[in-house]
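Asks: Have a look at this one before I ask anything.
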2 protein chains.
Amino acid sequence: MDLHINNILKDLEKDDFQAYLLTKFTNVEYISGYRPTSFAFCIIKENPIIYASGMDMELAEKNSSIEVKEYESFEVIVNELKKEGIKSLAIEPSLPFSTYVRFRDDFDVDSKTYIDKQRMIKTPYEIEKITKATEIAQKSFLQLDILNNNCTEKEVAFDLVRHMIENGASKESFDTIVTSGANSSLPHAVPQDKKLSQPILIDWGAIFEGYCSDNTRTIVYTERQHEIWNIVAEAHDKAIKAVKPGLKCCQIDKVARDIIKDYGYADKFIHSTGHSLGLDIHETPGFSLRDETIIEKGMVITVEPGIYLEGEFGVRLEDTVEVSSKANVIGNLPLRID
Amino acid sequence: MDLHINNILKDLEKDDFQAYLLTKFTNVEYISGYRPTSFAFCIIKENPIIYASGMDMELAEKNSSIEVKEYESFEVIVNELKKEGIKSLAIEPSLPFSTYVRFRDDFDVDSKTYIDKQRMIKTPYEIEKITKATEIAQKSFLQLDILNNNCTEKEVAFDLVRHMIENGASKESFDTIVTSGANSSLPHAVPQDKKLSQPILIDWGAIFEGYCSDNTRTIVYTERQHEIWNIVAEAHDKAIKAVKPGLKCCQIDKVARDIIKDYGYADKFIHSTGHSLGLDIHETPGFSLRDETIIEKGMVITVEPGIYLEGEFGVRLEDTVEVSSKANVIGNLPLRID
């Protein structure tokens with residue numbers, strides 16, 4: 001049986017759970033190779049099984065490494081589990097309340113992060129896919145002609161996605177952010193139908209064979225913009241240099257945050273320093289204020305400090321690092337674009 | 001105070017709840033006008049409030065019609081609610097288990113569908129947006145040159161999205177499906193890097209000012225494909241004709257399903273006949289086997305029967321209807337494309 005499943009069976013045994021219910025699409029894919037396009041119930045137990053929606057059966061049977069049955073009803077699943085003597089059921093923290101209540105009367109139910117924890121540590125296969133996604137995204141960025149061009153934010157965002165797809169991505173890994181001028185102070189700005197102004201902030205990523213990439217660059221023009229850019233670049237570089245297995249994630253956040261604070265912009269850095277990525281664009285752990293997770297080899301995490309000056313502009317710089325004995329930046333796109 | 005909020009306050013009072021917690025982005029938007037880009041806790045009570053992520057504060061303060069505070073911690077929210085004497089808290093069915101557990105010790109918590117129910121009935125404003133989204137999507141479809149062209153599925157999907165954005169959509173309302181040949185038997189097929197084969201199935205939609213559209217057309221060639229197309233078209237047309245306020249949703253599903261069954265393809269129609277749409281691409285109620293919801297004026301629901309022949313091909317035909325005294329098809333794209 002697959003290593004991922006074996007690890008979870010050990011976790012279950014240790015905590016006295018008899019089965020683990022997964023419904024999050026990327027978790028089901030991680031375990032089975034089949035990414036649902038409609039609802040699915042994947043149950044890890046001695047004989048793992050997926051109950052897939054009828055409309056997914058052809059796909060599931062083609063891609064899943066574990067047994068697939070067609071979903072009929074909750075009652076069928078509950079009865080099957082009871083017939084096997086299962087009394088305790090671990091669930092994902094993300095399970096919707098309405099699904100939880102369908103199981104809580106018949107089983108001892110509690111949430112466990114077994115799968116998140118396993119997904120924290122990427123295999124060489126996964127790192128290869130993330131690297132390829134990053135390379136596609138960065139190559140596509142360099143194909144843009146924004147600096148000599150008179151186009152709108154929406155057009156640039158669209159061109160970037162087109163390049164990524166032409167370069168082999170299946171799609172963008174999240175809604176591409178191309179924002180400029182005062183709007184760049186919104187960390188998740190939506191590209192507008194207006195000509196680019198200054199500075200230009202682009203946050204983008206590709207999906208390659210299921211795996212995400214994530215980068216941000218900000219192109220600055222005025223002296224004030226350069227001043228802020230330099231602070232963010234210092235926070236970015238020093239945070240990356242600080243990454244080391246054995247430290248806590250929050251310590252990396254602190255490195256970036258302290259630098260920005262020292263320059264007087266503590267309250268303008270309004271998000272975490274970074275998040276893991278993989279099959280999902282946001283995974284755990286993150287380089288954040290309260291994340292006490294110990295950094296380990298094989299984690300793949302973004303480092304993306306930013307300073308946001310409402311009414312003026314924002315600067316964010318983001319790379320994704322793979323943790324080995326230190327942090328290796330994935331890809332080789334220069335931080336300064338001009 | 002806003003009508004939507006007033007209705008929910010009445011629901012709460014009726015069921016003896018003192019507050020309603022919303023975290024689903026489109027629910028928060030429906031209530032406040034602000035669509036979160038990061039987590040947010042919207043609490044409907046006498047003095048409704050949104051706790052938004054720090055990175056969303058600028059956006060939230062700009063767009064929200066109700067008070068916004070910056071999120072600090074769960075504890076702060078719990079303490080505020082307790083200070084106001086709140087003991088019972090309604091939640092959304094979709095609330096993640098891990099959020100539910102943060103509230104269950106301090107409040108009587110249960111899930112309620114107040115907001116889903118309210119969102120079932122679209123206002124004239126909402127119907128206007130959905131109609132506009134549909135018009136953009138259909139116009140964009142007609143700009144495709146697939147019939148005279150030698151392109152790949154991925155290229156067609158990409159062109160369609162490009163046209164939609166050029167015609168005023170903010171983005172596609174879901175991953176555009178362009179599939180052809182044997183792959184069209186997968187209801188949620190992913191566009192491939194291969195030249196179009198026959199038949200061609202396209203399922204696509206636009207988002208216009210937050211609201212979704214959804215259509216499917218299948219272009220058939222062989223006699224066998226035409227035969228199946230005619231059955232699906234009959235199911236599509238008769239299901240739409242059957243829609244009437246006062247009937248149950250499942251009765252419409254039965255109309256479509258019975259026609260397909262009469263032709264001997266009962267087990268090849270592997271999904272529901274339709275789903276509501278609005279701010280989300282999938283909303284309740286749906287025209288499905290078990291949905292007993294009474295059809296009402298103002299609902300906007302898709303009708304999308306299909307027949308899927310594994311190893312051969314699939315045919316699906318989808319329109320979105322607005323319920324008045326009967327079902328009005330939104331847009332005017334012919335069902336038969338050739």
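Asks: Please check: in the Gaussian network model of chain B (C-alpha springs, under 10 Å), which one of B:210, B:314, B:246 has the largest mean-square fluctuation.
Replies: Of the options given, B:246 has the highest mean-square fluctuation.
Asks: Determine the shielding of peptide B:186-194 by partner chains: average, over its residues, the number of Cβ atoms on other chains within 10 angstrom of each Cβ.
Replies: Per-residue shielding by partner chains comes out at 4.
Asks: Reachable aspartates and glutamates from residue A:62, Cα under 18 Å, same-chain residues fewer than 8 places away excluded?
Replies: A:2, A:29, A:70, A:209, B:310, B:312
Asks: May I pose another question? Taking 41 Å as R0, compute the FRET efficiency from the Cβ-Cβ separation of residue A:113 and residue B:14 and round it to 0.05.
Replies: E(calc), rounded to 0.05, equals 0.60.
Asks: Continuing with the same structure: If you build a Gaussian network model of chain A, linking Cα atoms that sit under 10 Å apart, which residue out of A:220, A:161, A:101 swings the most?
Replies: Top of the fluctuation ranking is A:101.
Asks: Using DSSP to call loops (not H, G, I, E or B), can you name the GluC sites (Glu not before Pro) in the stretch A:4-88 whose Cβ has at most 14 other Cβ atoms within 10 angstrom?
Replies: A:46, A:72, A:84
Asks: A further question follows. Pairs B:112/B:297; A:82/B:82; A:129/B:171; A:45/A:254: which are spaced more than 29 Å apart, C-alpha to C-alpha?
Replies: A:82/B:82; A:45/A:254
Asks: Rounded, prolate or oblate: which one fits the protein assembly as shown, using the alpha carbon gyration tensor with axes a ≥ b ≥ c (rounded when a/c is under 1.5, else prolate when a/b beats b/c, else oblate)?
Replies: rounded
Asks: Among B:154, B:132, B:14, which one shows the biggest mean-square fluctuation in a GNM of chain B, springs joining Cα atoms closer than 10 Å?
Replies: Result: B:14 has the largest fluctuation of those listed.
Asks: Report, for residue B:247, each distance to the same residue's label point in the other copies, shortest first and in nm; define the point 7 Å along Cα→Cβ.
Replies: Label-point separations across copies, in nm and ascending: 6.5.
Asks: Hey, fewest Cβ within 10 Å first, where do A:30, B:114, B:125, B:263 land in order?
Replies: Final ranking by Cβ density, sparse to dense: B:125, B:263, A:30, B:114.
Asks: Assigning unit charges at the beta carbon (Lys, Arg +1; Asp, Glu -1) and nothing else, what dipole magnitude in debye, to the nearest 20, does the stretch B:3-119 show about its Cα centre?
Replies: 280
Asks: Over chain A, what is the relative contact order in percent, taking alpha-carbon pairs closer than 8 angstrom and at least six residues apart?
Replies: 14
Asks: What FRET efficiency, computed as 1/(1 + (r/R0)^6) with R0 = 56 Å and r the Cβ-Cβ distance, is obtained for residue A:83 and residue A:282, rounded to the nearest 0.05?
Replies: 0.90
Asks: Something else now. Any idea what the residue B:121 label distances to the other copies are, label 7 Å down the Cα→Cβ vector, nm, shortest first?
Replies: Those separations, rounded to one decimal, come out as 5.6 nm.
Asks: Does a label point 7 Å from the Cα of residue B:198, set along Cα-to-beta-carbon, have any residues of the stretch B:212-244 with amide nitrogen under 20 Å, and which are they?
Replies: B:217-233
Asks: Report, for residue A:54, each distance to the same residue's label point in the other copies, shortest first and in nm; define the point 7 Å along Cα→Cβ.
Replies: 5.1
Asks: If I take R0 = 30 Å and measure r between the Cβ atoms of residue A:7 and residue A:289 in this structure, what FRET efficiency does the formula 1/(1 + (r/R0)^6) give, to the nearest 0.05?
Replies: Efficiency, rounded to the nearest 0.05: 0.50.
Asks: Next question, about the same structure. Report, ordered by chain and residue number, the aspartates and glutamates lying within cross-link reach of residue A:14, taken as a straight Cα distance under 15 Å and ignoring same-chain residues fewer than 8 apart.
Replies: A:46, A:110
Asks: Could you name the aspartates and glutamates whose alpha carbon sits less than 15 Å from that of residue B:139, not counting residues in the same chain fewer than 8 places away?
Replies: B:159, B:166, B:172, B:203, B:214, B:319
Asks: Over all residues in A:55-63, what is the mean tally of Cβ atoms on other chains that come within 10 Å of each residue's Cβ?
Replies: Other-chain Cβ atoms within 10 Å of each residue's Cβ, averaged: 4.
Asks: Per DSSP H run of n ≥ 4, the term is -39500 (n - 2.57); total these for chain A, divide by its residue number, and report the mean residue ellipticity at 222 nm rounded to 500 deg cm²/dmol.
Replies: After summing the helix terms and dividing by the residues of chain A, the value is -11000 deg cm²/dmol.
Asks: Let me know the mean shielding of A:93-103 by other chains, meaning the per-residue number of their Cβ atoms within 10 Å of its Cβ.
Replies: For this peptide, the per-residue mean of nearby foreign Cβ atoms is 5.
No value in this document is a laboratory result; all are computed from the given coordinates. Every value quoted in this text rests on a predicted model; they were computed, and no experiment measured them. Reconstructed Cβ throughout: ideal geometry from the backbone, glycine too, with neighbour counts over all protein chains shown.
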